[in-house]
Every structure is written in C-alpha cells, then in structure tokens.
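The values are calculated or read from the model by the stated rules, or taken from the named source; none is laboratory data. Model, not experiment: these values are computed from the prediction. Positions of Cβ are generated from backbone atoms using ideal geometry, with glycine treated the same way; all protein chains shown enter the neighbour counts. Note: areas computed on protein heavy atoms with side chains; ligands, DNA, RNA excluded. Shrake-Rupley method; radii C 1.70, N 1.55, O 1.52, S 1.80 Å.
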Amino acid sequence: VYRVTLRSGVYYVKHYKLAGRRAWLQNNLRPCRAYREAAANARVREAGIPTAEVVAVGRVATGPFSRDSFFVTREIVGVGPLDESIGEGGTSAPWPPRARHGLAVRLGALTANLHRHGLFHADYHAGNVLVRRDGEDVRLWLIDLHPLRAARMTTRRRYAMLGML
C-alpha cells in the first residue's frame, strides 16, 4: 500500500501484484483482486457500515488478460488502526471508561451488522478496523475488504470472525 499526497488530499494506492501462475489463473478466471475489493466496498456501504471512499480501480492488461491491479481510496482523516489505539503501547491517550464502553458497543454493532447482512470478513482483526475518538464519542470504519465474501452466517463462522478480532 502506498500513501500519496496530492493537492486534492491524501490517497492510499493498494497494488495487487501478480505473483505466479496460480495468481494469474485466479486473476483471469474471476475478477482481479482490486475489482473484488471494490465490489466488497460497495456491499459494506450498502449494509450501512462505514468504510473508505473508493476513488479509482484499475488493472494492467495484456490483451484480454489481467495482470497487476490497483485500488485507490481517499484518506479517512483523524483515524488510526484500532490495535494501535488501545491497550498497552497504544499511541493515543488512555481511554476513559465511557469511551471504552462506547468502543465495545460500536464494535459489537459493526460485527452484528456484518453478520446480519451475511458478510464474512476472512481477515477481521483490530488492524482492519479504524477508529476515531472524540472524547467519549467513538466511530469505526472497516477496511481491507478484499477477503470479504457473502456467506451464510453459521455459528461457526460467527465465532471464527470474533476469534480473529
């Protein structure tokens, strides 16, 4: 992932490199990773879950065949990864009890909303949840959506997602 600063703002460019024959086959038998992440971003937005704004999606093509692909999002200002914001060694000030409670409520609501809409995030962890805390108010955003897929949310899948988080 590259961070690009322009006059119009800050953007993140995710470069999905094509590595090997298997990746080439996957990229050409189904939509390439950047397009799948853009589709997942749209599904998450439709579910009412905050996520990054997609600015552009593209691919390098050789004839009809996809090679590397790119996914560009606009920076979400004033946020940081949840895992860096809490716990020992966190980069922010200590969380007061009401803010911790608000975080727990928001995180539960985010997870329940994913489950309610039949969405399974195969890489659901605190590094893929961005947080902004204004005093006791807490807001969350879900990112890194390329491993997101629609799935019948069984108890096992729910526990698997919660276990990753």
Does residue 140 satisfy the criteria of being under 18 Å from residue 41 (Cβ atoms) and part of a strand (DSSP E or B)?
yes
Given the conditions (1) part of a helix (DSSP H, G or I); (2) at pLDDT below 90; (3) within 30 Å of residue 29 (Cβ to Cβ), every one holds for residue 40 apart from (2)
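Quick one: which residue in 78, 48, 63 is surrounded by fewer than 19 Cβ atoms within 10 Å (Cβ to Cβ) and either among the aromatic types (Phe, Trp, Tyr) or in contact with a helix residue (DSSP H, G or I) (Cβ under 7 Å, 6 or more places away or on another chain) (or both)?
None of the other options fit; the residue is 48.
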How many residues of the range 103-119 are open to solvent by 20 Å² or more (accessible area, probe 1.4 Å) and β-branched (Val, Ile, Thr)? The answer is 1
Inside the range 120-165, can you point out the residues that are surrounded by 19 or more Cβ atoms within 10 Å (Cβ to Cβ) and farther than 29 Å from residue 98 by Cβ?
120, 145, 146, 148
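May I ask you to verify whether residue 99 is under 24 Å from residue 38 (Cα atoms), open to solvent by less than 40 Å² (accessible area, probe 1.4 Å) and touching a strand residue (DSSP E or B) at 6+ places or on another chain (Cβ under 7 Å)?
On the way: under 24 Å from residue 38 (Cα atoms): no; open to solvent by less than 40 Å² (accessible area, probe 1.4 Å): yes; touching a strand residue (DSSP E or B) at 6+ places or on another chain (Cβ under 7 Å): yes.
Here the answer is no, as residue 99 does not meet what is asked.
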In the range 22-29, is there at least one residue being under 21 Å from residue 148 (Cβ atoms) and in contact with a Gly (Cβ under 7 Å, 6 or more places away or on another chain)?
no
Could you grab me the full set of residues in the range 138-158 that are over 15 Å from the mean Cα position of the chain (by Cα) and under 23 Å from residue 74 (Cα atoms)?
138
